[in-house]
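Notes for the one structure printed next.
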Amino acid sequence: MSNPHLTPLNYGRVASIRPLIAFIEKTISMPLELKAMLAEGASRQVFAKNKYIVDFAERQDRYVFIVEGTLRGVIGKGSTEITTWIATEPALIFSLREADAQDDSYREFIQAVEKTEVISISQETIALILARFPQMGVIARKAVSDYCRLTRERSMMIRIPFAEQRYERVLETHPEYFQRIPLRILSSYMGMRMETLSRMRSKAAMY
């Protein structure tokens, strides 16, 4: 990536990633050149519900900021799929390609749970930015940490032995999931049959 000059075109690109800049500036200050470099290597896209993020399918390490919407990590397909994490806006996450996975059945892909707008940045772009602006390391580490937290959250929740307790746990920590996440996906995240989750929701609605 060349060092971008602050031309009108660069300013236009910076404007296109303003939600990401606002998110980052809650933690660190960003000089104009840093904003321009980030904008030059960023891509803003909208994914329809159930669409996979193409870059992840291509096994590229990538940082993804959710401008609006919901993403999930998913392993497997159809009746065997497992939702490994769920993230809603605003969130910056990092997903590492799994080079050691033997086939796609064990790879984690990223899917839009609803219509979702994202800003994505490749690991290569972030590496170039870090060489010039090491303070961005705080943001890069936070993105990785947040991704690990999301996966750990699901891993800990799934160890709860009773479905009712898992339901109560998610209801307490993420009540918005019950409004935004389809039953099929939510049940795979909670490690229970869709029929079981449906019964518990119906029971809860009676009170």
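Give, in nm to one decimal, the length gained when the segment between E89 and L183 is fully stretched (0.36 nm per residue of separation minus the Cα-Cα distance).
Values: separation 94, 0.36 × 94 = 33.84 nm, distance 1.97 nm.
Using 0.36 nm per residue and subtracting the Cα-Cα distance, I get 31.9 nm.
Would you kindly state how much longer the chain becomes between F162 and K203 on full extension, computed as 0.36 nm times their sequence separation minus their alpha carbon distance, in nm to one decimal?
Values: separation 41, 0.36 × 41 = 14.76 nm, distance 1.60 nm.
Full-extension gain reported as 13.2 nm.
Based on the Cβ-Cβ distance from K142 to K115, what FRET efficiency comes out when R0 is 45 Å, to the nearest 0.05? Working shown, then result.
Values: r = 26 Å, r/R0 = 0.58.
After rounding, the FRET efficiency stands at 0.95.
Can you compute the FRET efficiency between K77 and R18 using 1/(1 + (r/R0)^6), with r the Cβ-Cβ distance and R0 = 30 Å? Round to the nearest 0.05. Numbers along the way, then the final one.
Working: r = 36 Å, r/R0 = 1.20.
Once rounded, the FRET efficiency stands at 0.25.
Taken together, the values in this text are just the output of simple stated rules run on the coordinates, not laboratory data. None of the values given here were measured: they were computed from a predicted structure. Neighbour counts run over all protein chains shown; Cβ positions are idealised from the backbone, glycine included.
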